[in-house]
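Data block below; observations after.
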């Protein structure tokens, strides 16, 4: 992990394991995001999520209401990514005023993020390509463009990504719906809706 820590602190991108798919991480700075978007060949209009080791890290970036804390407590750690209101407008590639936050569950990811702070948590693959399960393979594939990508060793379960939820009222949106599942993942959208109904 030492090499990955040195690389990400130097502004480079790294691959690290999660409980779903390998993540491509970089510091949430404009220069590092430039590298990430170039590596993934990702459209600049498509924001990426941020991984945090715990909600204390998240609270430095976004507002975390009590109901969101309960939501995250009631579902398996790392299974949900929630769009929350940023304290101040961030880079548009991080969502601007509404930032997607994921509290990671993989032990290596927790250790990494406790050491270096929040990192991007987008899937470690080029846009349009199917993610692989191994961090080494993901890093090798991304490195084929010429920039060597360091990685934290680990194999991920694969399968579906985290379920992405936007909490419109928290984000200060005028949307009529309070919450919306933007991407169905390991947690079925119906389970999220049932949970929400039980809170009212």
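Would it be correct to say that residue 190 is without any contact (Cβ under 8 Å) to a residue 24 or more places away in the chain and either out of contact with any strand residue (DSSP E or B) (no Cβ under 7 Å at 6 or more places or on another chain) or in a loop (DSSP other than H, G, I, E, B) (or both)?
Considered against the rule, which asks whether it is without any contact (Cβ under 8 Å) to a residue 24 or more places away in the chain and either out of contact with any strand residue (DSSP E or B) (no Cβ under 7 Å at 6 or more places or on another chain) or in a loop (DSSP other than H, G, I, E, B) (or both), residue 190 comes out as yes.
Among the candidates 6, 21, single out the residue that is within 24 Å of residue 156 (Cβ to Cβ) and assigned to a helix (DSSP H, G or I).
Testing whether each residue is within 24 Å of residue 156 (Cβ to Cβ) and assigned to a helix (DSSP H, G or I) leaves just 6.
For segment 111-136, enumerate the residues that are touching a strand residue (DSSP E or B) at 6+ places or on another chain (Cβ under 9 Å) and outside any strand (DSSP E or B).
Residues satisfying the conditions are 112, 113, 116, 117, 118, 121, 124, 125, 131, 133, 135, 136.
Could you say whether any residue in segment 102-112 is more than 19 Å from residue 57 (Cα to Cα) and without any contact (Cβ under 8 Å) to a residue 60 or more places away in the chain?
no
Go through segment 9-18 and report how many residues are part of a loop (DSSP other than H, G, I, E, B) and over 17 Å from residue 125 (Cβ atoms).
3
For segment 65-75, what are the residues that are at pLDDT below 95 and either part of a loop (DSSP other than H, G, I, E, B) or touching a helix residue (DSSP H, G or I) at 6+ places or on another chain (Cβ under 6 Å) (or both)?
65 - this is the single residue of segment 65-75 that is at pLDDT below 95 and either part of a loop (DSSP other than H, G, I, E, B) or touching a helix residue (DSSP H, G or I) at 6+ places or on another chain (Cβ under 6 Å) (or both).
The values are calculated or read from the model by the stated rules, or taken from the named source; none is laboratory data. Keep in mind the model is a prediction, meaning the values are calculated, not measured. Glycine gets a Cβ as well: all are built from the backbone with ideal geometry, and neighbour counts include every protein chain shown.
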